[in-house]
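Report on the following structure.
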Amino acid sequence: MRGDMLKRELQAYAKEIGIDEFRVTTADPFLVMKQRLMEQQEKGYASGFEEPDLERRTTPALLLEDAVSIIAIAVAYPSKLKDAPRGKEGERRGIFGRSSWGLDYHQALKQRLTLLEEKIQELSPGARSRSMVDTGELVDRAVAERAGIGFSGKNCSIISEEHGSYLYLGELITDQYLPPDESVEELCGSCNKCLDACPTDALIEPGVIDAKRCISFITQTKTLIPEHFRYALGNRLYGCDTCQQVCPYNRKKNATQHSELQPDPEQVKPLLIPLLSLSNREFKSRFGSLSGAWRGKKPIQRNAVCALVHYQDRTALDALRLMAETDQREDMRALAIWAVGRIAGQEAEDYIQKRLLTDSAEDVQVEGNRLLEEWGNGHAI
């Protein structure tokens, strides 16, 4: 089948299976992105979650022999939480970022890409292809940008005039020729709202992000985080939407056409205190369908502790003291002690001194003694 005919057939089919944007680019190397990635690594801005091999990240032919074309797809996700439960004193709630609402997007997009691969086989028997979503080697944003899904905004998101930036991205490399689409002009203009709004100044300059300062990245780490970042989390349990929320292209954008991506309000805006005592099994049962569960319960629980400090929720003190005394994880006991001190203030001085006498773990000693030093009683035990 001729390339233009094949493309038209696939575009029509893509709409049938719930793909909102279907564009095509060549399988040529992504040389501009390679240079950006090299600079990102040199400056220490990479998160560490990425594929380390820059050649594989930017050379499609290394991923599929005889690669000719790349299909870029996008699926819009919701930005509004209908019937959102309201938090109140004693029942404070955290929030999962919008990209973690509904069914894990890796599954949602992979299902669509698999159907697309099967359709290519049906229309062009013997065709070879390879698809990927997020965790694959290629940079989704680079593929989407060159294919014309949207332009790369100052907040490093792909922005579509029709859908905004609330888009899941995926791609399919194929050895079949499909006429490529044109890229889209960058349309941020003089707007700097995302740079001004970033809570941690992670957007170093337009189109440049220090991933290690980005709250979305920080919420996914598993270790203790510096205290100033703990405050910056607010009530975020996973992800951060600030730079997208302020973007003018996202005004009134709320995709409701994909039922499996619609959020369960109680799941994505859960009560904080119960999170502290969840078992692994309970966590998987309740949150396992979300993309935000991929790192397990520890980051979510750590972020919940920070959120309780954000709210200064004194009703959480009993649960935090229990965590400080019984949790098997040294860093979580340390964080709980910090939280007790930050919520109760100097009232907690005697309690913290007792914990330092009982618990010799290094993290616990560091967090506890820092509080005591602030109160004029450092290393008093």
Query raised in the report: Which residue, of Leu335, Leu372, is in contact with an Asp or Glu (Cβ under 8 Å, 6 or more places away or on another chain), in a helix (DSSP H, G or I) and over 25 Å from Pro299 (Cβ atoms)?
Result: Leu372
Query - Subset of region 323-370 (residues that are in contact with a Phe, Trp or Tyr (Cβ under 7 Å, 6 or more places away or on another chain) and either at positive phi or crowded, with 17+ Cβ neighbours inside 10 Å (or both)) - result: Val340, Glu349, Glu367
Query raised in the report: Just for region 109-130: of the residues that are more than 17 Å from Thr26 (Cβ to Cβ) and small (Gly, Ala, Ser), which one is surrounded by the most Cβ atoms within 10 Å (Cβ to Cβ)?
Result: Ser124
Query raised in the report: When Cys191 is evaluated against the numbered criteria (1) closer than 26 Å to Ser100 by Cα; (2) in contact (Cβ under 8 Å) with a residue 24 or more places away in the chain; (3) buried (at least 16 other Cβ atoms within 10 Å of the Cβ), which criterion, by number, is the only one it fails?
Result: (1)
Query raised in the report: In region 348-364, which residues are in a helix (DSSP H, G or I) and either closer than 20 Å to Cys306 by Cβ or in contact with a helix residue (DSSP H, G or I) (Cβ under 6 Å, 6 or more places away or on another chain) (or both)?
Result: Ala348, Tyr351, Ile352, Arg355, Leu356, Asp363, Val364
Query - Criterion: touching a residue at least 60 places away in the same chain (Cβ under 8 Å) and more than 17 Å from Leu138 (Cα to Cα) - qualifying residue of Ala72, Ala76, Ala46, Ala67 - result: Ala76
Query raised in the report: Of all residues in region 265-283, which are free of Cβ contacts under 8 Å to residues at least 12 places away in the same chain and among the charged types (D, E, K, R)?
Result: Arg281, Glu282
Report task. Mind listing just one residue for me: the one in region 143-173 that is among the hydroxyl-bearing types (Ser, Thr, Tyr) and in contact with a Lys or Arg (Cβ under 7 Å, 6 or more places away or on another chain) and, of those, surrounded by the fewest Cβ atoms within 10 Å (Cβ to Cβ)? Result -> Ser152
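Here's the yes/no breakdown for (1) more than 23 Å from Leu290 (Cα to Cα); (2) within 17 Å of the chain's Cα centre (by Cα); (3) part of a loop (DSSP other than H, G, I, E, B); (4) not assigned by TED's automatic domain parsing to the domain that holds Ser289:
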site	(1), (2), (3), (4)
Ala108	no, yes, no, yes
Arg112	no, no, no, yes
Asp134	no, yes, yes, yes
Arg141	no, yes, no, yes
Glu145	yes, no, no, yes
**Report entry** Residues of region 18-50 satisfying the condition of being in a loop (DSSP other than H, G, I, E, B) and exposed (fewer than 13 other Cβ atoms within 10 Å of the Cβ)
**Finding:** Lys43, Gly44, Gly48, Phe49
Requested in this report: Give the residue that is surrounded by the most Cβ atoms within 10 Å (Cβ to Cβ), with candidates limited to residues of region 82-102 that are of a type outside the set (Gly, Ala, Ser), in contact (Cβ under 8 Å) with a residue 24 or more places away in the chain and touching a strand residue (DSSP E or B) at 6+ places or on another chain (Cβ under 9 Å).
Outcome: Phe96
Query raised in the report: Going by the conditions given, is Leu6 assigned to a helix (DSSP H, G or I), at pLDDT 95 or above, surrounded by 14 or more Cβ atoms within 10 Å (Cβ to Cβ) and among the hydrophobic types (A, V, I, L, M, F, W, C)?
Result: yes
Query - Index of the failed condition, Lys15 passing every other in (1) part of a helix (DSSP H, G or I); (2) in contact with a Pro (Cβ under 9 Å, 6 or more places away or on another chain) - result: (2)
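The values are calculated or read from the model by the stated rules, or taken from the named source; none is laboratory data. From a predicted model like this one, the values you see are computed outputs, not experimental measurements. Positions of Cβ are backbone-derived with ideal geometry, glycine not excepted, and every protein chain shown enters the neighbour counts.
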